[in-house]
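Peer 1: Structure provided below as structure tokens; questions to follow.
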Amino acid sequence: MPRHIPLPAYARKPGSPVHPFPHQISMRALEFLQGATFYPAFVDVAVGLYRDSTPDMTENLRHAFMTVGMSQDTWDLSIDALGKYLAYFPSPVFQVALVEGLSNWDWYVGKLGKFIEFARQHGPKPVLAKAIERNLPLIPLCSFSDQIHILDEASGNTLRIPITFLNDVNEMVLVRNLGVHCQWEVTAHYLKSTKTIGWSLGDVREFDKNELETWRAALYGLIRVTSRHFADMYSKVPDFDPYKHS
């Protein structure tokens, strides 16, 4: 059965000074961001508790895989590969949280771009270059810097985002791209683009829970700032359903 990601209920009262839709997608994005960062940590702790409470954890796991059809040779190969993977790359828990966090941002900014495209037909319509106007509904496919540029232009250059948010999320994006495209190895492009220090070409770009939390907080703040701005800017436009206006 096909499903939609449900948006939180938000009653729009007559004369409300804000449009509900930006708040709805921001609430959903922030909830999913919290879940995305907690889920891998939850699994990591659960695995640790299982490991510590079960003397024969590895044998029990091997037996479970054998039960569903894995051969001993495949098990041995997989365990060897897993050991090498864990030794050379950042924590899989942090990797998942990083990638999923930015996935939530792209989902949110995509819905926001479609809302702005719709709202411009009924409310304030700052002048946009044709290329930017065409990219509003395609904004998740744009680079992070282009996404912010599009939102700022769509606001009439009135969007005020703290530079710390932009710098932290930009670093988050740079590191995500290393993981997705380069197996976390530092590239010349990363060294040219990052504001961090201490990395050399070919290093594995590791990060810890403190850096991940800094990025999560910046992403959280960025969603709040942008949703509030466009909810205020387009408070008087009609209700918007992203699945009916595409």
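Peer 1: What's the exposure ranking of 220, 88, going from fewest to most Cβ atoms within 10 Å? Could you put the intermediate results ahead of the total?
Peer 2: Details: 220 18, 88 11.
Neighbour counts put them in this order, fewest first: 88, 220.
Peer 1: Suppose a student asked you for the relative contact order of the chain, using Cα pairs under 8 Å spaced at least 6 residues apart; what percent would you report?
Peer 2: Numbers: 232 pairs, mean separation 77.0, N = 246.
Dividing the mean separation by the residue count of the chain yields 31 percent.
Peer 1: Is the shape of region 20-71 best called rounded, prolate or oblate, per the rule: a/c under 1.5 gives rounded, else a/b larger than b/c gives prolate, else oblate, with a ≥ b ≥ c the square roots of the Cα gyration tensor eigenvalues? Write down the numbers at each step before the final one.
Peer 2: On the way: a/c = 7.61, a/b = 2.58, b/c = 2.95.
Oblate, because a/c is 1.5 or more while a/b does not exceed b/c.
Peer 1: Scan region 147-246 for trypsin sites (Lys or Arg not before Pro) in coil per DSSP, keeping those whose Cβ has at most 12 other Cβ atoms within 10 Å, and list them by number.
Peer 2: Numbers: sites: 160, 176, 192, 195, 205, 209, 216, 224, 228, 236, 244; in loops: 160, 195, 205, 236, 244.
Filter output for region 147-246: 160, 195, 244.
Peer 1: Give the angle, between 0 and 90 degrees and rounded to the nearest 10, that separates the Cα long axis of helix 144-154 from the longest principal axis of the Cα atoms of the chain.
Peer 2: 20
Peer 1: Report the extension gain between residue 163 and residue 50 in nm, rounded to one decimal, defined as 0.36 nm multiplied by the number of residues separating them, less their alpha carbon distance. Don't skip to the answer; put the middle values down first.
Peer 2: On the way: separation 113, 0.36 × 113 = 40.68 nm, distance 4.29 nm.
Between residue 163 and residue 50, full extension yields 36.4 nm more.
Peer 1: Another one. Suppose every K and R has +1 on its Cβ and every D and E has -1 on its Cβ; what is the size of the dipole of the chain about the Cα centre, in Debye to the nearest 20?
Peer 2: On the way: 24 positive and 26 negative charges, 289 e Å.
Charge dipole of the chain: 1380 debye, to the nearest 20.
Peer 1: Of the labelled options [x] 17.6; [y] 14.3; [z] 12.6, which one gives mean projected area of the Cα convex hull in nm² as computed for this structure?
Peer 2: [x]
Peer 1: Angle, helix 209-233 long axis vs. longest principal axis of the chain, Cα atoms, 0 to 90°, nearest 10?
Peer 2: Roughly 20 degrees between the two axes.
Peer 1: With n ≥ 4 as the cut-off for DSSP H runs, can you work out [θ] at 222 nm for the chain, using -39500 (n - 2.57) per run divided by the number of residues, rounded to the nearest 500?
Peer 2: Details: 9 runs with 158 residues, N = 246.
Rounded to the nearest 500, it is -21500 deg cm²/dmol.
Peer 1: Could I ask something else about it? Between residue 70 and residue 38, 0.36 nm times their residue separation minus their Cα-Cα distance comes to what? Provide the component values of the computation, followed by the final result.
Peer 2: Working: separation 32, 0.36 × 32 = 11.52 nm, distance 3.03 nm.
Taking residue 70 through residue 38 to full extension adds about 8.5 nm, to one decimal.
Peer 1: Between helix 57-67 and the chain, what is the angle of the helix's C-alpha long axis to the longest principal axis, kept within 0 to 90° and rounded to the nearest 10?
Peer 2: Once rounded, the angle reads 80 degrees.
Peer 1: Is there a pair in 130/244; 114/209; 13/125; 125/244; 130/192 whose C-alpha atoms are over 27 Å apart, and which pairs would that be?
Peer 2: Numbers: 130/244 24 Å; 114/209 34 Å; 13/125 24 Å; 125/244 21 Å; 130/192 30 Å.
Listed pairs above 27 Å: 114/209; 130/192.
Peer 1: Additional query: Which of rounded, prolate, oblate describes region 1-101, given a ≥ b ≥ c as roots of the alpha-carbon gyration tensor eigenvalues and a/c under 1.5 marking rounded, otherwise prolate only if a/b is larger than b/c?
Peer 2: Working: a/c = 3.16, a/b = 2.74, b/c = 1.15.
Judged from the Cα gyration tensor, region 1-101 comes out prolate (a/c at least 1.5, a/b above b/c).
Peer 1: Rounded, prolate or oblate for region 165-246? Axes are the square roots of the Cα gyration tensor eigenvalues, ordered a ≥ b ≥ c, and the cut-off for rounded is a/c under 1.5.
Peer 2: Working: a/c = 3.23, a/b = 2.37, b/c = 1.36.
It comes out prolate by the Cα gyration axes.
Peer 1: Evaluate the distance, in nm, between pseudo-label points positioned 7 Å from the Cα of residue 57 and of residue 236 along their respective Cα→Cβ axes.
Peer 2: According to this spin-label approximation, the distance is 6.2 nm.
Peer 1: Also, quick follow-up: Note down the relative contact order for region 46-185 as a percent, whole number, built from C-alpha pairs under 8 angstrom at least six residues apart. The partial results should precede the final answer.
Peer 2: Working: 60 pairs, mean separation 28.8, N = 140.
Relative contact order here is 21 percent.
Peer 1: At 0.692 mPa s and 37 °C, plugging the Kirkwood radius over alpha-carbon pairs of region 67-137 into Stokes-Einstein gives what diffusion coefficient in µm²/s?
Peer 2: It comes out at roughly 198 µm²/s.
Read the figures in this text as sums done on the coordinates, not as results from a lab. These numbers come from a predicted model, not from an experiment. Methodologically, a virtual Cβ is constructed for each residue, glycine included, from the backbone with ideal geometry; neighbour enumeration extends over all protein chains shown.
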